[in-house]
Amino acid sequence: MKFGIIKERKTPPDSRVVFSPEKLKEFKKKFSEATIKVESSEIRVFSDAAYEDAGIEVVENVSDCDVLLGVKEVPITALISNKKYFFFSHTIKKQSYNRKLLQAILQKNIELYDHETIIKENGIRLIGFGHYAGITGTYNGFRAIGLKKKAFNLPKLETLDSQNELIGLLQQLHLPNLKILLTGNGKVASGAKEMLDIMNIKQVTVDAYLNNLFEEPVYCLADVLDYNKRIDGQVFDNFDFYKHPENYTSNFMRFAAVTNFFIAGHFYGNGAPYLYTKEEAKSDKFKIQFVADISCDIAGPIASTIRASTISSPFYGYHAATEKEVDYKDKDAIVVMAVDNLPCELPKDASEGFGKLFLENVIPAFFNNDKDGVLQRAKMTADGKLTKRFLYLQDYIDGNT
C-alpha cells in the first residue's frame with residue numbers, strides 16, 4: 001500500500017503535517033511493506049531535505065498513492081478521485097461553508113476519513129491536536145492578562161522555538177492573586193492543566209474554589225456536571241448529560257461569581273445548555289475578566305465569544321452592557337482569546353505529537369485487517385455515498401440545512 005503526505009493548500013497556510021520525518025522513519029521500520037512518499041512543500045514546518053535525510057522519498061506528485069494524509073481541508077480543485085483521504089474536513093457538524101467540499105468528495109468517489117471521526121468504540125477520539133491547543137491557549141490567556149494589567153509581557157508564540165521555551169517563560173511569571181477555572185476532561189483540558197501544573201498553580205476542589213478565599217493563584221478543574229444540573233434535580237452521570245442535554249440547565253454562574261480567568265477546554269455538544277448568556281454576563285455577580293476560549297464556538301455557549309480571533313491579533317474585548325466588541329484594553333472589557341487554529345502556533349511539537357498518535361492508533365489498522373474497527377468507524381464516504389454512521393449528513397449535502 002502506498003501512503004502520501006500531501007502538501008497543505010488551504011489559505012491561510014498551515015505548516016503542520018501528519019508525520020514528522022522521524023515518525024515516517026519509524027513508520028517505514030514498523031511496516032516495511034508500505035511505500036511512503038511526501039509531496040514537496042515550501043511551507044511545511046519540516047523541510048523537504050529533512051524528509052530526504054530520513055530516507056523518505058520527496059516527490060512533486062502523489063497521485064499514484066492509495067492513501068493521502070493531510071491536516072486541513074483539501075481544496076476541491078486539488079482532490080484526486082478514487083483515493084482514501086485523511087484530513088479535518090469540518091463537515092461533521094454540517095458546517096455550511098464546506099458543503100461543496102463534501103459534495104465534491106462524493107462526486108469524485110473518495111473515501112473520506114475525517115480525523116475527528118477516528119474514535120474508540122466508546123466514542124473517545126484517538127487522535128487530534130487538542131492537547132497542543134490547550135497548551136497554546138493557556139499561554140495566550142496568560143499573555144492577555146499580562147498585557148491588560150501591565151504586569152508582564154510574554155512574547156508572541158510565533159517567536160518561540162518550542163514548547164520547552166514556552167514552559168520556561170510561564171514558569172518565570174509572578175502572577176497576581178487569580179482564581180482560574182478550567183472546564184473539560186479531554187485532550188484540550190489536559191494540555192491546559194499541564195501548563196497550570198508546570199507553573200505550580202495550586203489545584204483546589206470545586207467546593208473550596210466556590211467557597212474559600214485564597215492568598216495565592218489557584219485553579220479548579222470543572223467537569224460538565226459541576227456547571228450543569230438536571231432540571232428535575234436528579235443526579236446521574238456524565239453519560240446521561242451527553243445523551244439527554246435537553247434535561248439540563250446551566251449552573252455556571254456560581255463559578256462566574258468567583259472566577260477571574262476562565263479557560264474553556266470543554267467540548268460543547270448540540271443541544272447542551274449555554275454556560276453563560278449575554279444577560280448573565282451583564283450581572284453584577286459576573287466577575288470573569290479574562291476568557292481563553294479554546295473551544296471557540298462562535299455565538300454559542302460562551303456569550304463573550306462573538307467571533308474567532310487570529311494568531312496575528314489574538315485578543316479582543318467584549319463589552320457586556322452593550323453586547324459589542326471593544327478594544328481589549330478597555331477598562332470594562334472582558335478580554336477574549338478565541339483563536340480557532342491554536343496548534344498552528346507550535347507546529348513542530350503539534351506535528352510530532354499528532355504523528356505519534358496516528359502511528360499508534362491508525363496505521364496498524366491498514367495491516368491487521370482493521371481488527372479493532374478503527375477505519376470502519378471513521379469512514380464517512382464510500383462508493384460515492386455516505387456510510388451508515390454518517391447518513392445524518394444527507395440533508396446537509398442536499399442543501400436542506
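The values are calculated or read from the model by the stated rules, or taken from the named source; none is laboratory data. Not measured: the values here are computed from a predicted model. Neighbour counts run over all protein chains shown; Cβ positions are idealised from the backbone, glycine included.
Here are some notes:
- Restricting region 177-236 to residues that are farther than 18 Å from residue 295 by Cα and of a type in the set (Lys, Arg), the residue that is surrounded by the fewest Cβ atoms within 10 Å (Cβ to Cβ) is 202.
- Applying the criterion of being part of a loop (DSSP other than H, G, I, E, B) and touching a helix residue (DSSP H, G or I) at 6+ places or on another chain (Cβ under 8 Å) to the residues of region 128-155, the residue that is surrounded by the most Cβ atoms within 10 Å (Cβ to Cβ) is 129.
- Failed item, numbered, when residue 270 is tested on (1) over 26 Å from residue 18 (Cβ atoms); (2) in contact (Cβ under 8 Å) with a residue 40 or more places away in the chain; (3) surrounded by 15 or more Cβ atoms within 10 Å (Cβ to Cβ): (3)
- Candidates in region 70-100 are the residues that are of a type in the set (A, V, I, L, M) and either crowded, with 19+ Cβ neighbours inside 10 Å or farther than 22 Å from residue 376 by Cβ (or both); of these, the one that is nearest to the chain's Cα centre (by Cα) is 71.
- Residue 252 free of Cβ contacts under 8 Å to residues at least 40 places away in the same chain, within 17 Å of residue 220 (Cβ to Cβ) and not basic (Lys, Arg): yes
- For region 306-318, a residue qualifies if it is modelled with pLDDT under 95 and either closer than 20 Å to residue 257 by Cα or assigned to a strand (DSSP E or B) (or both), and exactly one does: 309.
- Candidate set from region 312-337 (those that are surrounded by fewer than 19 Cβ atoms within 10 Å (Cβ to Cβ) and of a type in the set (A, V, I, L, M, F, W, C)); member that is farthest from residue 143 (Cα to Cα): 321
- Filter result for residue 351 (free of Cβ contacts under 8 Å to residues at least 60 places away in the same chain, under 30 Å from residue 291 (Cβ atoms) and of a type in the set (S, T, N, Q)): no
- For region 88-126, the set of residues classified as touching an Asp or Glu at 6+ places or on another chain (Cβ under 7 Å), hydrophobic (A, V, I, L, M, F, W, C) and free of Cβ contacts under 8 Å to residues at least 60 places away in the same chain consists of 88, 101, listed by residue number.
- Residue within region 300-313 that is over 15 Å from residue 255 (Cβ atoms), within 26 Å of the chain's Cα centre (by Cα) and in contact (Cβ under 8 Å) with a residue 60 or more places away in the chain present: yes
- Criterion: assigned to a strand (DSSP E or B) and either of a type in the set (A, V, I, L, M) or at positive phi (or both) - qualifying residue of 292, 299, 365, 321: 292
- Residues considered: 288, 298, 334, 294. Of these, the only one that is touching a Lys or Arg at 6+ places or on another chain (Cβ under 8 Å) and either modelled with pLDDT under 95 or within 25 Å of residue 150 (Cα to Cα) (or both) is 298.
- Note on region 104-122: residues that are of a type outside the set (D, E, K, R), closer than 11 Å to residue 84 by Cα and crowded, with 17+ Cβ neighbours inside 10 Å amount to 4.
- Residue satisfying all of: in region 274-311; exposed (fewer than 15 other Cβ atoms within 10 Å of the Cβ) and hydroxyl-bearing (Ser, Thr, Tyr); farthest from residue 342 (Cα to Cα) among these: 283
- Condition check for residue 173: surrounded by fewer than 22 Cβ atoms within 10 Å (Cβ to Cβ), in the same structural domain as residue 341 (by TED's automatic domain parsing) and more than 30 Å from residue 126 (Cβ to Cβ): yes
- Any hit, region 8-20, residues being free of Cβ contacts under 8 Å to residues at least 60 places away in the same chain and more than 22 Å from residue 311 (Cβ to Cβ): no
- Considering 308, 299, 320, 281, the condition of being within 24 Å of residue 225 (Cβ to Cβ) and in the same structural domain as residue 140 (by TED's automatic domain parsing) is satisfied by 281 alone.
- You will find that of 387, 381, the residue that is more than 22 Å from the chain's Cα centre (by Cα), of a type in the set (Ser, Thr, Tyr) and surrounded by fewer than 20 Cβ atoms within 10 Å (Cβ to Cβ) is 387 and no other.
- Matching option when the condition is of a type in the set (Phe, Trp, Tyr) and free of Cβ contacts under 8 Å to residues at least 24 places away in the same chain, among 142, 129, 152: 152
- Whenever a residue of region 22-51 is free of Cβ contacts under 8 Å to residues at least 40 places away in the same chain, its partners that are small (Gly, Ala, Ser) and not in a loop (DSSP other than H, G, I, E, B), lying with C-beta atoms within less than 7 angstrom and at least six residues away or across chains, give the pairs 37/4; 39/4.
- Residues located in region 373-401, provided they are within 17 Å of residue 115 (Cβ to Cβ) and not in a helix (DSSP H, G or I): 373, 379, 380, 381, 387
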